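**Q** Dropping a structure here in structure tokens format, bear with me for questions.
The values are calculated or read from the model by the stated rules, or taken from the named source; none is laboratory data. No experiment lies behind these values; they were computed from the predicted model shown. Neighbour counts are summed over all protein chains in view; Cβ atoms, including those assigned to glycine, are modelled from backbone coordinates with ideal geometry. Ligands, DNA and RNA are excluded from the accessible area calculation, which covers all protein heavy atoms including side chains. Shrake-Rupley method; radii C 1.70, N 1.55, O 1.52, S 1.80 Å.
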Amino acid sequence: MLHLEIVTPEKKIFSDTVENVYLPSSEGEMGVLEMHAALVTPLQPGELRYLKDGKVEELAVGEGFVEVTQEKVSVLCDLAIAGHDVDEDAVEKAMARAHEALEKAEHEDAEDIAALQAIIAKSTAQLEVKRRHLRV
């Protein structure tokens, strides 16, 4: 078994043993099983999945870092939310505002553009997890 801990600035989201973890790393989706090689990698906005007691759980995650040891996966991120907790209407509105601001920000500061792109990526992840949750 593998211990998974997911922490945001607001609170500890999850801390328990799981069978595996799949998460969006900077190099693409990464799977982690027990006895994985140790590493630290950036976390990208997307979907984090883990298998617990034969059931797959999904969370939308934002940016952060992942530390993997042979027995533990520690996820430190700015967003982690289950599909059933996503407010689809609010997320769609935030994404629309970010798209609109991005279109107007042709010559803006690179930091501002990156922040808008991050909002869009996190919103997309939340909507994908929410809509998949609704189909199940």
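**Q** GluC sites (Glu not before Pro), restricted to segment 78-129: which are DSSP loop and have at most 13 other Cβ atoms within 10 Å? Mind showing how you got there, number by number?
**A** Working: sites: E88, E92, E100, E103, E106, E108, E111, E128; in loops: E106, E108.
Answer in residue order: E106, E108.
**Q** Taking a probe of 1.4 angstrom, what is the accessible area of T17 in Å², to the nearest 10?
**A** 50 Å²
**Q** Using a 1.4 Å probe on the protein heavy atoms only, what accessible surface does D16 show? Give it in Å² to the nearest 10.
**A** For D16, the solvent-accessible surface is approximately 60 Å².
**Q** Across bins of 10 angstrom width beginning at 0, how are the C-alpha pair distances of segment 11-86 distributed, in whole percent?
**A** P(r) over segment 11-86, rounded to whole percents: 20, 58, 21, 1.
**Q** Can you give the FRET efficiency for D53 and A90, using 1/(1 + (r/R0)^6), R0 = 25 Å, r = Cβ-Cβ distance, to the nearest 0.05?
**A** Numbers: r = 31 Å, r/R0 = 1.26.
The computed FRET efficiency comes out at 0.20.
**Q** Over the Cα atoms of the chain, what Rg and Dmax result, in angstrom?
**A** According to the Cα coordinates of the chain, Rg and Dmax are 15.7, 50 Å.
**Q** Another one. With unit charges on the beta carbon (Lys/Arg positive, Asp/Glu negative), name the residue among V61, T17, A115 whose Cα is farthest towards the positive pole of the charge dipole of the chain.
**A** Comparing the listed Cα positions along the dipole, T17 ranks first.
**Q** With runs of 4+ DSSP H residues as the only contributors, calculate the mean residue ellipticity of the chain at 222 nm using -39,500 (n - 2.57) per run, divided by the residue total and rounded to the nearest 500. Please list the in-between numbers first.
**A** Numbers: 2 runs with 43 residues, N = 136.
Value at 222 nm, helices only, nearest 500: -11000 deg cm²/dmol.
**Q** What whole-number distance in Å separates the alpha-carbon centres of segment 1-38 and segment 70-109?
**A** Taking the Cα centre of each part, segment 1-38 and segment 70-109 sit 20 Å apart.
**Q** Relative to a virtual label point 7 Å from the Cα of A38 in the Cα→beta-carbon direction, which members of segment 68-86 show backbone nitrogen distances below 20 Å?
**A** 68-76
**Q** What accessible area, in Å² to the nearest ten, does a 1.4 Å probe give for E19?
**A** In the full protein context, E19 sits at about 80 Å².
**Q** Additional query: Reachable aspartates and glutamates from K12, Cα under 19 Å, same-chain residues fewer than 8 places away excluded?
**A** Correct list for K12: E47, E57, E58, E63, E67, E71, D78, D85.
**Q** Tell me, what is the percent relative contact order of segment 74-126, built from C-alpha pairs under 8 Å that lie six or more residues apart? Please report the intermediate quantities before stating the final value.
**A** Working: 23 pairs, mean separation 24.7, N = 53.
Reported relative contact order: 47 percent.
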